[in-house]
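Colleague: Starting off with a structure, shown below.
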Amino acid sequence: MESLSLVNRVAEVRERIDVALHRSGRADAARIVAVTKTYPAALVRDARDAGLPDVGENRVAEMQGKVEEVGRDAVRWHLIGHLQRNKARRAIPLFDLLHSLDSVRLARQLSDDATSLETEVRALVQVNTSGEESKFGFDPGHAIDAIGEMAEMPGLRLVGLMTMAPYTADEAVLRRTFRGASRLREEAARQVPGFQAVELSMGMSNDFEIAVEEGSTLVRLGTVLFGEREL
Ligand SMILES: *Cc1c(COP(=O)(O)O)cnc(C)c1O
């Protein structure tokens, strides 16, 4: 992709985020996580050069290849896809933030691996506020107890929540999904010592303005920046 057009697209998306922030009366900001999955490693450099220092990947092997090619410190790496427990140890050194902490068993694995690697994992707890069976993440009714349990684990720092909305244009459904995560974040902040309610990762190309209106601090954007993926 020609880099001038990427710069222009980033400016347009930032403008749309700013408008959504104003519309909802928010004084804080929302950052873009540029989702580069399925694209070659060179796009990670292009994204960084276009002013996007946060990059999201959904598979460990693909992220590892790109980290090796582009450099671990070239950008902030976000792992946004489901992480299998047997890949936790390999993944930990690669990412700055895990968006998809979706089970207590995965938390225990990350805690053990982080402890033995003498590091700390920063993670967002994925909550399933859309109610779709097919989605990963904690059921809202059990999330607070689970967050309480995970917040005690050594080597694991919980810094917010993540949710994924259904693929729909129905604004009411999207808003309800995002608002559910926003409320859970507030509840966890009140009830769970050790939970840091810093981030709220929600919003993708087709719904990010609504997510920002509902409090998103990290929007995960692929298509709107880079075009349709082939895979
Ligand atoms: C692919 C992906 C995105 C980006 O999707 P777009 O619709 O292309 O913006 C965001 N979040 C997750 C978890 C993804 O897997």
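Colleague: Give me the number: length gained by fully extending Lys87 to Arg157, i.e. 0.36 nm times residue separation minus the C-alpha to C-alpha distance, one decimal in nm.
Modeller: 23.3 nm
Colleague: In whole angstrom, and with the biggest value first, how far do the Cα coordinates of the range 1-40 range along each principal axis?
Modeller: 37, 20, 11
Colleague: Order 168-177, 91-100, 149-158 from most to least packed using the mean count of other Cβ atoms within 10 Å.
Modeller: 91-100, 149-158, 168-177
Colleague: Using a simple spin-label model with points 7 Å from Cα along the Cα→Cβ vector, what separation in nm is obtained for Ser116 and Ala29?
Modeller: Computed distance between label sites Ser116 and Ala29 equals 3.9 nm.
Colleague: Mind checking which aspartates and glutamates have their C-alpha under 16 Å from Lys135, skipping anything on the same chain fewer than 8 residues away?
Modeller: Asp102
Colleague: Next question, about the same structure. If the reach is capped at under 22 angstrom between alpha carbons, list the lysines near Lys66, excluding any in the same chain fewer than eight residues apart.
Modeller: Lys37, Lys87
Colleague: For Arg105 and Val7, calculate 0.36 nm times their separation in residues minus their Cα-Cα distance, and state this gained length in nm to one decimal.
Modeller: Length difference between fully extended and current span is 31.2 nm.
Colleague: In µm²/s, what is D for the range 145-231 at 37 °C and 0.692 mPa s, where D = kT/(6 pi eta Rh) by Stokes-Einstein and Rh is the Kirkwood radius from Cα pairs?
Modeller: Using the Kirkwood radius from Cα pairs, D works out to 236 µm²/s.
Colleague: Cα convex hull of the chain: mean projected area in nm², to one decimal?
Modeller: Value for the chain: 12.1 nm².
Colleague: When the chain is fully extended, how far beyond the present Cα-Cα distance does Asp18 get from Val173, taking 0.36 nm per residue of separation?
Modeller: 53.5 nm
Throughout, read-outs are computed from the coordinates displayed, never taken from laboratory work. Predicted, not measured: the structure shown is a model, and the values here were computed from it. Reconstructed Cβ throughout: ideal geometry from the backbone, glycine too, with neighbour counts over all protein chains shown.
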